[in-house]
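Written below as structure tokens is the structure these notes are about.
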Amino acid sequence: MPTSTAGARTWLTEAACDLDAFRDLVDQRTDPADIPSAERVEQNVPLYDSDRLRALTAIPEGRREVQGELVRALLDGPGIVVLKGAFADAGVVDRATEAFTALIEEERASGTARGGHFAKPGTNDRVSEDWLHRVVAATAEGYPFPTNLDLDPPVDGLAPPSQADTLWQAVTEGRTPRRLREELQAGAERRQS
């Protein structure tokens, strides 16, 4: 997508608002035939059983079909999907929550708590950037998020960058979401080959 088109979709102006186009958009109905991998549709939102998705994506053809379906649902469909049981090990979510909670509590205790956006400190907590690296590491700790060396073996004795490494570099170097997606996709393709 050309940058000018992406920019036009990102920054809205009053002149660009079209109430009829908005009505058309929110009146769309999700057709279950367009999302065959979904378990069901509720209020136009496709609900997926992640165990079923994992089974479908166990082979390259199934993975491609599911990825395409999710992209279509997000870009051309309702723009939202629900993944029931997205993490086979829900502990990774608990560890990330614990890491964020600990960081927020530490910032509050030190008097450096900040509010999010226009909120005053303590009402909508945000973690300062210097803590982000710790959160990325804590999320990956003990979970196969960083890399799977069986599928992504070291080359010339060097381990490939993990997803956590790629994410951290993207955040600290201010990479675009598109570049981050490309790098994560390249890593995923490398692990699939």
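Values as computed for the structure displayed
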item: Cβ-based net charge around Val41, under 10 Å, with every Lys or Arg adding one and every Asp or Glu removing one; result: -2
item: Spin-label pair Thr176/Asp89, simplified geometry with 7 Å Cα→Cβ offset, distance in nm; result: 3.5
item: Accessible surface ranking that places the most exposed of Ile35, Ile59, Ile104 first, with a 1.4 angstrom probe; result: Ile59, Ile104, Ile35
item: Largest to smallest accessible area among Leu74, Leu56 [probe 1.4 Å]; result: Leu74, Leu56
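The values are calculated or read from the model by the stated rules, or taken from the named source; none is laboratory data. Computed from a predicted model, the values in this text were never measured in an experiment. Virtual Cβ from ideal backbone geometry, glycine too; neighbours counted across all protein chains shown. Side chains included, ligands, DNA and RNA excluded: accessible areas come from the protein's heavy atoms. Shrake-Rupley method; radii C 1.70, N 1.55, O 1.52, S 1.80 Å.
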